[in-house]
Amino acid sequence: MAAAEPAVPALAGGGGSGGGAPSGSSVPVLFCFSVFARPSSVPHGAGYELLIQKFLSLYGDQIDMHRKFVVQLFAEEWGQYVDLPKGFAVGERCKVRLVPLQIQLTTLGNLTPPSTVFFCCDMQERFRPAIKYFGDIISVGQRLLQGARILGIPVIVTEQYPKGLGSTVQEIDLTGVKLVLPKTKFSMVLPEVEAALAELPGVRSVVLFGVETHVCIQQTALELVGRGIEVHIVADATSSRSMMDRMFALERLARTGIIVTTSEAVLLQLVADKDHPKFKEIQNLIKASAPESGLLSKV
């Protein structure tokens, strides 16, 4: 999440009303955002990061992740909110709020291998006859997975109800992927996926591709952005049954600040330099241009 932890004068560790709580217990906290206030609790000793996570769990669908925020604590001695002190830990019942700053952050879209994960969404056999340009996006998806292996980038793969819709198509080589997970939820943001991302603390970007653009891809992208992760959707590796749904989804996602890009742009951005030790291998992947897959056709 794009949040700012301010350095402010020290304040006693709870700063709210009520008695202290023993270590290891839960402490009641009132979480305020905009006009909302929701009571919840956090572990005793919880700090800034846990408070941010709780705000996201309570208000994630309402928070614009392209803004900076400050967390404030209600101080009874002043009768108003003050900026959360550096090193603050919840020691007793308190009231906190998340305040958006007015500065908008520009999404730069930088990609580096150590901070990137690839998400391959539902590229399954039963979708083959229904999805527009499915053969094209399979070939581009395979190119991306080859690039991920060359550059050592983790890959997470999901399969939508594989019992009924089949496994990932044989053309997609899943050798070395981090996870292959079944799902019924449209979004790829499953508990197992969140746990896997937590094990990769340097990750700030997800390269997302698969089907369908207007359903699973769109919902995955919006959930990831709500968790503070920058999303790059590979337009030439994602499609839908309807070109209308595909194109309007890509337009909607781009307007939210999600980066809509191409496979070649992603792979070359990840190597960044002709002198990169893996450049020749990546160059071999992109010698033939990716198929246009209807992206330049009229809707």
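Dipole magnitude for the range 149-299: about 140 debye, using +1 per Lys or Arg Cβ and -1 per Asp or Glu Cβ, origin at the Cα centre.
Taking Lys and Arg as +1 and Asp and Glu as -1, the other residues whose beta-carbon sits under 13 Å from that of Q80 total -1.
For Q124, what residues show an amide H to amide H distance below 5 Å, using hydrogens built from the backbone and excluding near sequence neighbours? Close amide H contacts, sequence-distant or interchain: V169. Computed from phi, the 3J(HN,Hα) profile of the range 223-240 under the Karplus parametrisation 6.51, -1.76, 1.60 (θ = phi - 60°) reads 5, 5, 4, x, 9, x, 9, 6, 10, 10, 9, 8, 4, 7, 10, 9, 7, 9 Hz, with x in place of Gly and Pro. Take every DSSP beta bridge whose two residues both sit in the chain; close to 40 percent of them are antiparallel. A cut-off of 5 Å between modelled amide H atoms, ignoring neighbours fewer than 5 places along the same chain, links V207 with V117, F118, F119, H232. Solvent exposure of H276, expressed as accessible area, is near 50 Å², computed with a probe of 1.4 Å over the protein chains only. Here the Karplus relation 6.51 cos²θ - 1.76 cosθ + 1.60, evaluated at θ = phi - 60°, turns the backbone of the range 287-295 into coupling constants of 4, 8, 4, 5, x, 6, 6, x, 5 Hz, with x for every Gly and Pro. Of the listed pairs K54/K185; K132/K287; K132/K178; K68/K178; K68/K274; K54/K163, which have alpha-carbon separations greater than 26 Å here? Where the Cα-Cα span goes over 26 Å, the pairs concerned are K132/K178; K68/K178; K68/K274; K54/K163.
Rounded to the nearest 10 degrees, the angle from helix 134-151 to the longest Cα principal axis of the chain is 60 degrees.
Taking amide H positions as modeled 1.01 Å from N, with prolines and chain starts lacking one, the residues under 5 Å from V42 and 5 or more places away or on another chain are V27, V29. Dividing the summed helix terms, -39500 (n - 2.57) for each DSSP H run of n ≥ 4, by the number of residues in the chain produces a 222 nm estimate of -8000 deg cm²/dmol to the nearest 500.
An ellipsoid equivalent to the range 142-246, defined through the eigenvalues of its Cα gyration tensor, has semi-axes of 19, 17, 15 Å when rounded to whole angstrom and sorted largest first. Per-residue 3J(HN,Hα) values for the range 194-206, derived from phi via the Karplus relation 6.51 cos²θ - 1.76 cosθ + 1.60 with θ = phi - 60°, read 4, 5, 5, 5, 5, 7, 10, x, x, 6, 10, 9, 10 Hz in sequence order (x marks Gly and Pro).
The values are calculated or read from the model by the stated rules, or taken from the named source; none is laboratory data. Here the structure is a predicted model, which is why all the values come from computation and not from measurement. For neighbour counting, all protein chains shown are included, and Cβ atoms are generated from backbone atoms with ideal geometry for every residue, glycine included. Just the protein is used for accessible areas: all its heavy atoms, side chains included, with ligands, DNA and RNA removed. Shrake-Rupley method; radii C 1.70, N 1.55, O 1.52, S 1.80 Å.
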